[in-house]
Amino acid sequence: MRKNLQSLKDKQKPDLNTSFQALKYIPRFFKEVWNTNKGLFILSLFCRLIGALTPVMLLWVGKLIIDEIIRLTNYPDQDFSTLWWYIGIELGLALLSDLIGRAISLTDGLLGDLYSNKSSIRIIRKTNEINIDLLEDAEFYNKLERARTQTFNRVNLMSNVLGQAQSIISTSSLIAGLIYFEPWLILLLVLSIIPSFINEIKYSQQQYSLARSWTSERRELDYLRYIGANDKTAKEIKLFGLTDFVADRFKNLSHHYFLLNRTIAVKRSLFGFLFNILGTACYYGAYILIIYRVLTGLITIGELTFLSGSFNRLRRNLQDFFSTFTRISESALYLKDYFDFIDLEVPQPTTEYLPLPKNIKEGFQIIDLHFAYPDTEKKVLKGVSFELKAGEKMAFVGQNGAGKTTLIKLLLRFYEPTSGQILLDGVDIRKFELVEYQKMFGVIFQDFFRYEFTLKENIAVGNINEVDNLDKIKQSAQLSLADEVADKMKLGYDQQLGKRFVKGQELSGGQWQKVALARAYMKDAELIILDEPTSALDAKAEYEVFERFIGLTKGKTSIIISHRFSTVRMADRILVLKDGKIHELGTHEELMIQPKLYAELFNLQAAGYQ
């Protein structure tokens, strides 16, 4: 998959040719729109077909009205009924045009919302298929960010392309009228439009190229906006006096982007004005030609109004057409980002997987494990070997950066080892189907996510299929002491957490950790991993939580990472990591006899409590 990612990085930088090549994604895009809601799509096409024909019909009826008025002026005794019929038809067409316009807006809006929802769900599901190592890659995350944030462009693209189809029909009918009366007007029309079209294409591509190259910087701008005006960061921003630092950093970065964008925008406007002079001159040239034809008696006054109206509307239609085409080509580039992400190949198994053991009998065997994160040469783990026996409680201890969490990630198969093996009951864990293998674990990380859902939903995250099983949720809360949190909530387990939504209530760090721990009890997992999940609890509360945890998980295999040695000593064995290697391994009593790192850290911490 990393080779696949590299191909995304190496794709050619956007140029004019790339803009046109991106248009090939539009048929696929409309296939997705069609599958979203066929009825709305057909209704939108029908409305646009009617809407495309109404302009020329209105102009033609206007011509008939003018000619009829002139005829009645010369012959005042004639019947006026034909004139009233023409006026009635024009009124009907005007009302129909308005109705059709509103229907188009309605169907496009509904269809756009449905497609936006559907494509967002596809991105969410695709992200779930991607390995953690790719999601932590900054270049890949830029690709994900462009796919995720350009929903608005994709919805606009749908309206723009359908509008172009409508414009083509309308324009064709107007051109037919011009050719019938005055073919020379078509040449003037082309001269008035083409230069502006080329200008728009050139500078829209440059703006996309700028936006693409600044994906990372725009993410930083969003981040600075977030930390500069957010309730979660407000205390530190005020206390450390960071307002000027954050504001100045945002100002410098945003101003640099503004200057680059301004250069393109100014050039685009300047050349657009110059080319518009040519267009205006061609329009008035056409107008003079039409007037001359009237004065020489070659066409009637009604035909004058039809031709001038047709030429003027046709010029606007073509300007809008080419302008919209540039937006389509630009949006197609963003569409390309979306499909590049959706098409990212996830490696499929080439061999059949072995069945997982129903119950762990022997446990895990880690053999000469080496690991370095992708695109880095520094090894985090260097020849780690040990056994985690079935039903054993093992604690991982070590200073920051020793490799504790990395070892957990390899056990969970978030990453594959650079070399070495991890065996489960004597079988390499890579021979098990990944999703099924990961279901064996109940894990709470030190950086667990605080979902701004209700309290019961936050607990049910540990086993989301039981989200409606309130009895199980309450039982899990009691085991983790999260029931104390629920008792303090006005709405109990239905309390909305966080401040993002109305009536939400924020929790303290310790309360959040009790909620997170409840997730581990929601899942009857074969192996439970707690990676610093209680760091926000005081020493007494943490001791109570782990004492209860040890009792409740009797017979289950568990891994605990904690910096509090009063908790660590509860484990059956303790593995001490230092610089990516196993420094010590044994029971608390065995390690305290040896004057090494564990005994040193334990005594230092114990002295702090005296």
Which condition breaks for F41 when tested against (1) exposed (fewer than 13 other Cβ atoms within 10 Å of the Cβ); (2) among the aromatic types (F, W, Y); (3) modelled with pLDDT of 85 or more?
(1)
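Residue-by-condition table, conditions (1) at pLDDT below 85; (2) among the aliphatic types (A, V, I, L, M); (3) part of a loop (DSSP other than H, G, I, E, B):
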residue	(1), (2), (3)
D468	no, no, yes
L479	yes, yes, no
A486	no, yes, no
L517	yes, yes, no
Go through (1) within 30 Å of the chain's Cα centre (by Cα); (2) closer than 25 Å to E544 by Cβ; (3) part of a helix (DSSP H, G or I) for L507 and report which single condition fails.
(3)
Given the structure, is K439 of a type outside the set (A, V, I, L, M) and more than 19 Å from I360 (Cβ to Cβ)?
no
If I filter the stretch 520-529 down to residues being outside any strand (DSSP E or B) and surrounded by fewer than 24 Cβ atoms within 10 Å (Cβ to Cβ), which single residue comes out as modelled with the lowest pLDDT?
D524
Within the stretch 545-563, is there a residue that is at pLDDT below 85, surrounded by fewer than 22 Cβ atoms within 10 Å (Cβ to Cβ) and at positive phi?
yes
Odd one out for A516 among (1) out of contact with any Leu (no Cβ under 9 Å at 6 or more places or on another chain); (2) within 23 Å of K358 (Cβ to Cβ); (3) hydrophobic (A, V, I, L, M, F, W, C):
(2)
Just checking, how many residues over the stretch 560-598 are aliphatic (A, V, I, L, M), over 24 Å from V443 (Cβ atoms) and touching an Asp or Glu at 6+ places or on another chain (Cβ under 9 Å)?
2
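The values are calculated or read from the model by the stated rules, or taken from the named source; none is laboratory data. Predicted, not measured: the structure shown is a model, and the values here were computed from it. FYI the Cβ positions are ideal-geometry reconstructions off the backbone, even for glycines, and counts take in every protein chain you see.
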